[in-house]
Amino acid sequence: MVPNTRIQSLIEATQDGVVFIDRKAAIFEFNPAAERMFGYSKDEALGRNVNFLMGEPYRHEHDAYLERYQQGGAPKAIGRIREVTGRRKDGDEFPLELSVTELGQGDGICYAAFLRDVSERVSMQQQLLERKRLASIGEVTAVVAHEIGNPLNNMFLEGQLLQRQLRKDSSAVQ
């Protein structure tokens, strides 16, 4: 399945990774955004099984999933946006959003994957959670300090009163 010129231009220009695979999971389209995202050139990707771009557990499960789906199984990824793990050329695994659609009919079926690197968003979410966690610790610390501080302050004041009373009593005895 060869896209027309307008669609091909769109695939080349989009900022999301676009990867087309055939029924056997071999890549036959790999756009510039996918090249930047994964670190592989188009020539390095074409003809390879798409699972080399996947992190675990998807890497080892993909071919069996595709086969089950083609035999009439229920789709897990097709028609949905899922967060999965991708694998760059340097071995680094990263979070990405994946949307897969099925194209064609009969023996001409192929699949198009639209990919978005969400590393930055995931990192910001983790930072936000860490800040919330630290804020909670700060609140608990303040409550504990207050709860411990009040009795200690009372004990200190009582000690000062006792000390004054002892001085007064010792002055009266002399």
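The values are calculated or read from the model by the stated rules, or taken from the named source; none is laboratory data. None of the values given here were measured: they were computed from a predicted structure. Using ideal geometry, Cβ is built from the backbone for each residue, glycine included, and neighbour counts are taken over all protein chains shown. Remember, those area values only see protein heavy atoms, side chains included, never the ligands or the DNA or RNA. Shrake-Rupley method; radii C 1.70, N 1.55, O 1.52, S 1.80 Å.
What the phi angles of the range 96-110 give under the Karplus curve with 6.51, -1.76 and 1.60, with θ = phi - 60°, is a coupling list of 8, 8, 10, 10, 10, 10, 9, 10, x, 9, x, 6, x, 5, 9 Hz, glycine and proline written as x.
Between the range 128-157 and the range 97-119, how many Å separate their Cα centres? Here the answer is 52 Å between Cα centres. When the Cα atoms of the range 1-145 are aligned to their principal axes, the ranges along those axes come out at 71, 34, 27 Å in descending order.
Let me check I've understood the local charge: for Leu98, count other residues with C-beta under 9 angstrom from its C-beta, Lys and Arg +1, Asp and Glu -1. What total comes out? Before the final figure, lay out each step's value.
Details: positive: Arg80, Arg82, Arg116; negative: Glu83, Glu97.
Here the count lands on +1.
The protection proxy used here, the mean number of other Cβ atoms lying within 10 Å of each residue, ranks peptides 25-32, 124-131 as follows, highest first: 25-32, 124-131. Listed by chain and number, the lysines placed with their C-alpha closer than 19 angstrom to that of Lys89 are Lys42; residues fewer than eight positions away on the same chain are left out. Comparing Gly55, Gln165, Gly73 along the charge dipole axis of the range 28-174, the residue lying farthest to the positive side is Gln165, per the Cβ-charge model. Accessible area per residue (1.4 Å probe, heavy atoms of protein chains only) ranks Lys168, Lys24 as Lys24, Lys168, with the largest value leading.
Accessible area per residue for the chain in Å², computed with a 1.4 Å probe and the full protein assembly in place, what is it? Show your work: numbers first, answer last.
Values: 11870 Å² over 174 residues.
Solvent-accessible surface per residue comes out at 68 Å².
In order along the range 132-144, the Karplus-derived 3J(HN,Hα) couplings, from 6.51 cos²θ - 1.76 cosθ + 1.60 at θ = phi - 60°, round to 5, 4, 5, 5, 5, 4, x, 5, 4, 4, 5, 5, 4 Hz, and Gly and Pro are given as x.
At a 10 angstrom cut-off on C-beta neighbours, averaged per residue, how do the peptides 12-20, 58-66, 142-150 rank from highest to lowest?
Details: 12-20: 16.6, 58-66: 15.0, 142-150: 10.1.
Descending packing order for the listed peptides: 12-20, 58-66, 142-150.
First compute the accessible area of the range 1-157 with a 1.4 Å probe, then give the percent of it belonging to carbon and sulfur atoms. Let's see the in-between values first.
Details: 5630 of 10120 Å².
Result for the range 1-157: 56 percent of the exposed heavy-atom area is carbon or sulfur.
Dipole magnitude for the chain: computed about the Cα centre from +1 point charges on Lys and Arg Cβ and -1 point charges on Asp and Glu Cβ, it is near 540 debye.
Largest accessible area first, the listed residues Thr141, Thr5, Thr101 line up as Thr5, Thr141, Thr101 when surface is computed with a 1.4 Å probe on the assembled protein chains. The lysines within cross-link reach of Lys76, meaning a Cα-to-Cα straight distance under 18 Å and a gap of 8 or more places when in the same chain, are Lys24.
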